[in-house]
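Visitor: Submitted below is the structure of interest, expressed as structure tokens.
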Amino acid sequence: MDTEDLRDIFRSLGPVHIRRMFGGQGVYQGELMFALVASGEVYLKADDETAGFFRDRGSRPFTYETRDGRRSIMSYWLMPESALDDPDEAAELAAIAVAAARRAKSAQVRKGSRARTARTTAAEPTT
């Protein structure tokens, strides 16, 4: 799948940019990666709130084999093939994926601020 195809699929989001990564591509809206392309298939960001939505539509998560032979599952789910040709369905799914990416980024920021607070508190002298 080429970059113009991806931009067309996700045109409802406005400008998106594509970055090459690990033999695939990451699809971004601003700094949020909301889709992954691997082996010609498009996967959308999901989280605990949305994974069931994708599962109920017969989707599956992106998996890959690690160097030690184990299988790793990522939080990206296969975009239904029907959405590749249906702009309305693609727009709905893209919005769900962007929302999941925002929640994940927000959780990382909160987690990082808690870690900084813990380090600062631990470094404060006791009296």
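The values are calculated or read from the model by the stated rules, or taken from the named source; none is laboratory data. Quantities reported herein were computed from a predicted structural model and do not represent experimental measurements. Cβ sites come from the backbone with ideal geometry, for glycine too, and all protein chains shown count toward neighbours.
Visitor: Could you check how many residues of region 12-44 are part of a loop (DSSP other than H, G, I, E, B), hydrophobic (A, V, I, L, M, F, W, C) and farther than 16 Å from Ser72 by Cα?
Guide: Selection size over region 12-44: 1.
Visitor: Can I ask one more? Taking the stated definitions as given, is Arg71 at negative phi, in contact with an Asp or Glu (Cβ under 9 Å, 6 or more places away or on another chain) and modelled with pLDDT under 95?
Guide: Yes: the conditions hold for Arg71.
Visitor: OK, next. For region 47-54, check the following and say yes or no: at least one residue is more than 20 Å from Leu6 (Cα to Cα) and under 11 Å from the mean Cα position of the chain (by Cα).
Guide: yes
Visitor: Take the conditions of a type outside the set (A, V, I, L, M) and in contact with a Leu (Cβ under 6 Å, 6 or more places away or on another chain) and apply them to Gln25. Does it pass?
Guide: It is false that Gln25 is of a type outside the set (A, V, I, L, M) and in contact with a Leu (Cβ under 6 Å, 6 or more places away or on another chain).
Visitor: Still on this structure, please answer the following. Residue under question is Tyr64, and the condition is that it be over 18 Å from Ala101 (Cβ atoms), free of Cβ contacts under 8 Å to residues at least 60 places away in the same chain, among the hydroxyl-bearing types (Ser, Thr, Tyr) and surrounded by 12 or more Cβ atoms within 10 Å (Cβ to Cβ); does it hold?
Guide: Against the criterion (over 18 Å from Ala101 (Cβ atoms), free of Cβ contacts under 8 Å to residues at least 60 places away in the same chain, among the hydroxyl-bearing types (Ser, Thr, Tyr) and surrounded by 12 or more Cβ atoms within 10 Å (Cβ to Cβ)), Tyr64 qualifies.
Visitor: Taking region 46-72, which residues are out of contact with any strand residue (DSSP E or B) (no Cβ under 8 Å at 6 or more places or on another chain) and basic (Lys, Arg)?
Guide: Matches in region 46-72: Arg57, Arg67, Arg70.
Visitor: Looking at Ala99 and the list (1) of a type outside the set (Lys, Arg); (2) surrounded by fewer than 11 Cβ atoms within 10 Å (Cβ to Cβ); (3) in a helix (DSSP H, G or I), which single condition is not satisfied?
Guide: For Ala99, the exception is condition (2).
Visitor: If you don't mind, there's one more thing I want to ask. Could you tell me which numbered condition His17 fails, if it satisfies all but one of (1) touching a strand residue (DSSP E or B) at 6+ places or on another chain (Cβ under 6 Å); (2) crowded, with 18+ Cβ neighbours inside 10 Å; (3) not basic (Lys, Arg)?
Guide: (2)
Visitor: Which members of region 67-91 meet the condition of being of a type in the set (Gly, Ala, Ser), under 20 Å from Ala104 (Cα atoms) and surrounded by fewer than 14 Cβ atoms within 10 Å (Cβ to Cβ)?
Guide: Ser72
Visitor: Run Asp47 past the list (1) in contact (Cβ under 8 Å) with a residue 24 or more places away in the chain; (2) loosely packed, with under 15 Cβ neighbours inside 10 Å; (3) in a loop (DSSP other than H, G, I, E, B) and report the number of the one that doesn't hold.
Guide: (2)
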